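Below is one structure; the comments refer to it alone.
The values are calculated or read from the model by the stated rules, or taken from the named source; none is laboratory data. The structure presented is a predicted model; accordingly, all values stated were derived computationally and were not measured. Cβ placement follows ideal geometry from the backbone for every residue including glycine, while neighbour counts extend to all protein chains displayed. Ligands, DNA and RNA are stripped out before the accessible areas are found, and what is left, the full protein with its side chains, is counted by its heavy atoms. Shrake-Rupley method; radii C 1.70, N 1.55, O 1.52, S 1.80 Å.
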Amino acid sequence: MSPIIENTDVVVVGGGPGGSTVATLLAKRGHRVVLLEKETFPRYQIGESLLPSTVHGIGRLLGVTEELERAAFTVKRGGSFRWGTNPVPWNFLFAIAPELSGPTSHAYQVERMKFDEILLRNAARHGVDVRENSPVTGVVDDEERVRGVRYTDPDGVEREVRAAFVVDASGNRSRVHQHVGGERVYSEFFRNIALFGYFEGGKRLPAPDSGNILCAAFDEGWIWYIPLSDTLTSVGAVISREHAARLQGDQEQALLGFVDRCAIVKDFLSDATRVTEGVYGELRTRKDYSYTNSTFHRPGMALVGDAACFIDPVFSTGVHLATYAGLLAARSINSVLAGDVAEERAFGEFEGRYRREYRVFYEFLSAFYDMQSNEESYFWKARKVTNFATTDLEAFVSLVGGVHSGENALAAFRDSSGALADAVERTGDMQTPSGERMHHLFGTPVVREVMQEMNNIQVRGVQGAAARELPLLDGGLVPAPDGLSWLEPAARVEEA
Ligand code: FAD
């Protein structure tokens, strides 16, 4: 029997943060959007530590900031790292810019079941036709372009939705991305495996850093320690894939064994008990999560979030990349559907900006791994950065490696023009030699690049229509005043 066919403007596959973001920002421009989600929410997902640009930039564009505040997630002021040469954890803080004022200098640690459901229900409130328990089983296409998807509805009936665009935001394990063409290229550098579970009653860092993510290196890898509530902690070990065999047996013994070899986490968990029931009772593993697709779009289809790429858990970049890509895809589709920009140009901008963000984070995270010098350990020796030519990057690595704890503000932005070096406050701790090195650190291109676009998103979220932005890419487009589509730079100047 042929499937029941319907028509809409855009189909989004997957209701994670990437899918909810793109769907909501399309619906805000009045388009008909069908979002197909395999599971029924709330559903479990890993990736609990967020960055401020997601909470304050994307969150405001989506209209969920207040709801996120009410959800009372753990406030994350930054990251604390037992990493590099110093045995004392040092802090990476989301400091504040004067014009952004205090409320945006933090992110959240979230139970993804709650966070993702807030974003998905918000999409529905904005008019997105959200259909759960509706797995996509195939893509409808021809030589020219993608024209829709096939899915199974909750009653088991095969259906087809035709649309001008399909956005695949179906995450890491789905195969829908294959229809965009190209191949998935796995990173040799981040070829790791993660084993994770949940604990009740773990210790906290002293205030005001008690909500920070703690990342602690040990000989065979590193451990994340994420305070999800006053008592619940997400704990995961990231180890080399060569050790995969050790996870074949008793996973609890394996995880506790890693904890045992990581002094600070061992101490923090000394009075804690592992959760063994409910959704947090399971120990889970993830591998092969670090990759990028060789193309992110084809006519009629785009990849967003883990469907396109992911790097590594170490700096909490996954949800940022997914929601950022959702914003970029929405801008491109809104522009094309309005007839303002040709499809190829709009998606060239999408892919160019997305790849740029991926690349700078890839370099930043590689450099970050490099800071953990332990020549005795196979894991860390294999992750020495050897192929970075820029001396600035090397300078960055050694500078951050030497930073000791203390209240060093790593991200204090005065404006979105990239003048970051001048934005670090040289008061208090910043007048120490390490403070001076931190100041110098902000002059390095890699850090400036990492921060610049996140800062743009945050400024836009907080201040509404942003000050005129320059093209990020050579000859590229600029965001419209409301941030939801692209304009040619000349058109934006005329409007201003
Ligand atoms: P997802 O959140 O995976 O959502 C995809 C959705 O698509 C799911 O709901 C799924 O059910 C649905 N779906 C799948 N197939 C289909 C189908 N055929 N039809 C319909 N629906 C479908 N990121 C962070 O920001 N912070 C962290 O601390 C962090 N830690 C991590 C730790 C580990 C070990 C790993 C592996 C990743 C971590 N990440 C982290 C990354 C983070 O998990 C992802 O980047 C993020 O969830 C991507 O969001 P998404 O919307 O692209 O996909």
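What the table shows:
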| item | result |
| --- | --- |
| Solvent-accessible ranking of Ser80, Ser229, largest area first, probe 1.4 Å | Ser229, Ser80 |
| For Tyr291, distant residues with modelled amide H under 5 Å away | Ser187, Phe310 |
| Accessible-area order (highest first, 1.4 angstrom probe) of the listed residues Thr152, Thr273 | Thr273, Thr152 |
| Computed E for Asp230/Glu66 - FRET, C-beta separation, R0 25 angstrom, nearest 0.05 | 0.65 |
| Region 172-185 - phi-based ³J(HN,Hα) in whole Hz, Karplus 6.51/-1.76/1.60, Gly and Pro as x | 6, 9, 7, 10, 4, 4, 4, 6, 7, x, x, 9, 8, 9 |
| Region 166-210: GluC sites (Glu not before Pro) falling in loop per DSSP and having at most 13 other Cβ within 10 Å | Glu183, Glu188 |
| Rough spin-label spacing in nm, given labels placed 7 Å along Cα→Cβ, for Ser294 and Glu6 | 3.7 |
| Residue-wise HN-Hα coupling along region 216-232, computed from phi with Karplus coefficients 6.51, -1.76, 1.60 (Hz; x: Gly, Pro) | 10, 7, 9, 4, 9, x, 8, 10, 9, 9, 10, x, 7, 8, 4, 10, 8 |
| Largest to smallest accessible area among Arg331, Arg355 [probe 1.4 Å] | Arg355, Arg331 |
| Amide proton proximity set for Ser49, modelled H, under 5 Å, gap of 5+ | Val110 |
| Built amide H within the under 5 Å cut-off of Leu35, gap 5+ | Val12, Asp129, Val130, Arg131 |
| Ranked by how many other beta carbons lie within 10 Å on average, peptides 139-149, 28-38 from highest | 28-38, 139-149 |
| ³J(HN,Hα), Karplus 6.51/-1.76/1.60, whole Hz, each residue of region 267-283, x for Gly, Pro | 5, 5, 9, 4, 10, 9, 10, 6, 6, 10, 10, x, 5, 8, x, 8, 8 |
| Over region 7-83, relative contact order from alpha-carbon pairs under 8 Å, at least 6 apart, % | 26 |
| Pairwise label distance in nanometres, Thr40 with Ala245, each label 7 Å out on the Cα-Cβ vector | 4.4 |
| Gain upon complete extension [Thr276, Val157; 0.36 nm per residue less C-alpha separation] | 39.1 nm |
